[in-house]
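To keep things clear, I will list the structure first and then write my remarks on it.
FYI, it's all coordinate maths here, none of it is from the lab. The shown structure was predicted, so the numbers you read here are calculated from the model rather than taken from an experiment. Positions of Cβ are backbone-derived with ideal geometry, glycine not excepted, and every protein chain shown enters the neighbour counts.
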Amino acid sequence: MHSNTDWDSVTYLRKPKPKPGAAKSSQAVNAAMRKGEDVETRQKFAAGMNKKAATSKNTAKLDRETEELHHETVSLSVGRLIQKGRQQKGLTQKELATKINEKPQIINEYESGKAIPNNQILGKIERAIGIKLRGKDKGLPTQAPGKK
C-alpha cells in the first residue's frame with residue numbers, strides 16, 4: 001500500500017492572478033503598465049467615507065429653530081360663524097356638506113377649528129350659508145353678485 005504521493009511538498013503550476021482592485025498603489029499600477037497589462041483607474045467620489053451630499057444653507061437655520069412647526073388652522077371664530085349660519089338655514093353638518101359637495105367630516109373640522117384653511121371650501125361654505133368667513137367683513141351677510 002505504498003503510493004508515490006509526497007504529502008510534504010506542494011507544486012504550484014501557475015501564480016494566481018491578483019483580484020480586481022488589488023493593485024491600489026501607484027507602484028503596482030506603474031509595474032502593470034510596464035508589463036503591458038490592461039490598467040483601469042477610476043476616481044470615486046467620497047470613497048471610503050460616510051459622506052452625504054453637501055448640506056444646504058438652511059441647515060443651521062433649522063438647527064436654531066426651537067419651536068414646533070405646524071400648519072395654520074381655521075380660527076374658532078370662523079368655526080362659530082359656520083355653525084351659526086348653518087343653524088340659521090336649518091341645515092345639519094351632513095346637509096351642508098352635501099350642498100357644497102364635500103364630506104361631513106370637513107364641515108366638522110372647520111366648525112371645531114381643526115381644518116387647514118382652503119379658500120375653495122371656504123368660498124363654497126360662504127355661498128351656502130350666506131355669511132362672509134374671510135377678509136375684514138367676517139360675519140357679515142354676503143351680498144348677491146352685482147348688488148353693491
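Proximity of backbone amide H atoms, modeled 1.01 Å from N, is registered between Ile131 and Thr142 at under 5 Å, excluding neighbours fewer than 5 places apart on the same chain. When peptides 90-101, 26-37 are sorted by average Cβ neighbour count within 10 Å, with the highest value leading, the order is 90-101, 26-37.
Computed from point charges on the beta carbon alone (+1 for Lys and Arg, -1 for Asp and Glu), the dipole magnitude for segment 81-148 about its Cα centre is near 260 Debye.
Shown for segment 82-148 is the translational diffusion coefficient from the Stokes-Einstein equation, using the Kirkwood radius over Cα pairs, a temperature of 20 °C and a viscosity of 1.002 mPa s: 177 µm²/s.
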